[in-house]
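The structure appears right after this line, and notes come after that.
The values are calculated or read from the model by the stated rules, or taken from the named source; none is laboratory data. Please read all numbers here as calculations on a predicted model, not as lab measurements. All Cβ positions, glycine included, derive from the backbone under ideal geometry; neighbour counts span all protein chains shown. We work out accessible area using only protein heavy atoms, side chains counted, and drop any ligands, DNA or RNA first. Shrake-Rupley method; radii C 1.70, N 1.55, O 1.52, S 1.80 Å.
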Amino acid sequence: MLGQTFIFAENGDCLLGGRVLHPSVEPLAAAREDLESVLGSAQPEDLIILAGSGLGWHVEAILERPDPPRVLVFEPEPARIEAALARGPQRPETRRLLEEAAMDEGRLVQALSQLLVYGRGLGRAMVFSPSAYLQAEPRLAARARALLMQSRSRASVDRRTRSLKTGEWLNHLAESAPLWPVLPDPTLLAGVLAGIPAVVVGAGPSLDASLPHLAPAWDKALVLAAASALKPLAAADLSPHMALALEAKDESRQFDGLDHGRTLLAAATAGHPRHFSQWSGPLALFHLQPWIARLTGLGQALPNGGHVTSAAFSLAVLLGCDPIVLVGQDLAYTFGRTHASGRPGGEEEERLETVEVEAIDGDRIPSSPVMLSYILWYAESAARVGASRRLVNATTAGARLPGFEHRPLAEVLGDLPAMTEDLGLFIQAMDRLPRPKASFLIQRLVQAQAELKAVSDALELDGLASAKAQAPAESAAATAIEEAADETEGRAGLAAMEAALSRMRHLLRASAAF
């Protein structure tokens, strides 16, 4: 998104596209007047996205208020930020916001995610763009509004999923607890495959077209796949080095008729227990929630966007893989379908609502609010990974992923050299990874229950805000109460967590591992 530079007239006015952006006399007063209708009712919990940094006078006009709203700056032109820092206001906070400006859409998505998806207590959110920007570059404000709307949708999907799934996740966590001292966690191998390419295979509709080109990947990369892609891959006589499963519902039908000995399956501890019991080959586990990783004292939670391929992508990032190549990650209704041929399940999915997103070919393609949330997760992740890795989307068709190169799979694989490393040794290394002892886990569960009791007491004595403040970060207590809107919901969340922790202790004590 390339734009025009600022021009300074002989009288000192700052111009953009031939229009006055800031007058030379009293630029702060002019910015106050521009923002008057926006700031009149703004509250500290509100958010203003400035589409266009200008010289920073609009940021200054917001921050000078006694209790200013939050501010994000969206400015794709580095030269404008440089001009603002050199010629604009000198308030430290103003300069900090300019220095931290979102320079592309991925960075804006990342910032919005922190506030809307992961944050709490955000009020209204709005986009403001100075009139000179609206005249010269109207697309900047339009993109900011679109990304704000999409991020709100993602936040809604995320909250709805957590609300519906929390009970299931806790039940599954309790059932999987006896496996924690038994199975390895691949996140303990962070960085061991630094510089090794990874190909991450999803089960999108376009996987059918990619399968004939995939075979060379096994000589050049670690191949990770969603468990949903196992049968389509098997139809082409291909088996990934690792497959991941994380669904809360039982999707073990995806394992039927496969040679389990050719692939290591890593299943989420919050996923359905049958993903462990129905796989006869090598097994590993991973955690989706930071509080579980903290409780076990080993490994780390895998960031994910709510779908299994995103967890596989995060594992590739964690292992140090570079480049990371996505295949079959359509995230759209490519060819009017939901999944690759031969993928069990998915055919029963309803399309209650559709949205249009940008396609890989530059056109538009129908998607869904849930898949849009996945697209935004990838955009956020690409912005977070930054220039440290090369990220390539070699999916044949579907949604364009901001922050990723888009190249044909055969071309990408053709550019990769043959590996000299034996990835079989990497898989075998899983068996040598440390596991937490059952006795240690029980002690940690007792501690977690004590924290729950303290937070419950605070809730009854001093209310919800005090209880949330007392809950340790990334703890069972914090997780149980973070979504509560009132004391009743807080009590219910804490009670559900207490029941789950008690069940974990019981199953660990009864297991042979103890």
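Overview of results
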read-out: Per-residue HN-Hα couplings for the stretch 319-325 [Karplus 6.51, -1.76, 1.60; θ = phi - 60°; Hz; x = Gly/Pro]; value: 5, x, 4, 6, x, 10, 10
read-out: Residues of the chain: accessible area per residue with a 1.4 Å probe, Å²; value: 42 Å²
read-out: Bridge type composition, the stretch 236-307 - antiparallel percent by DSSP, nearest 5; value: 0 percent
read-out: Within the chain, helix-based [θ] at 222 nm, where runs of 4 or more DSSP H residues each add -39,500 (n - 2.57), nearest 500; value: -13000 deg cm²/dmol
read-out: Stretch gain in nm, segment T5-F440, where the contour uses 0.36 nm per residue and the Cα spacing is subtracted; value: 150.5 nm
read-out: Nitroxide proxy distance, nm - points 7 Å out along Cα→Cβ at R19 and T420; value: 6.0 nm
read-out: Kirkwood-type radius of the stretch 48-104, with distances r between different C-alpha atoms, in Å; value: 10.9 Å
read-out: Amide H partners (placed H, <5 Å) of V355, local residues excluded; value: S367, S368
read-out: Of all DSSP beta bridges in the chain, antiparallel share, percent nearest 5; value: 25 percent
read-out: Mean-position separation - Cα centroids, the stretch 44-79 and the stretch 197-252, in angstrom; value: 44 Å
read-out: Cβ-derived FRET efficiency at R0 56 Å, D431 paired with E356, nearest 0.05; value: 0.75
read-out: Accessible area of the stretch 205-351 belonging to carbon and sulfur atoms, whole % at 1.4 Å probe; value: 49 percent
read-out: Loop trypsin sites (Lys or Arg not before Pro), the stretch 109-160 (other Cβ atoms within 10 Å of the site Cβ: 13 or fewer; DSSP); value: R120, R124
read-out: Column: log10 I(q)/I(0), Debye, Cα scatterers of the stretch 305-461, q = 0.14 Å⁻¹; value: -0.88
read-out: Bins of 10 Å, starting at 0 and running to the largest distance - Cα pair percent for the stretch 167-273; value: 13, 41, 34, 12, 0
read-out: Separation of the S511 and D363 label points, Cα + 7 Å toward Cβ, nm; value: 5.1 nm
read-out: Solvent-accessible area, 1.4 Å probe, carbon plus sulfur percent, for the stretch 413-513; value: 54 percent
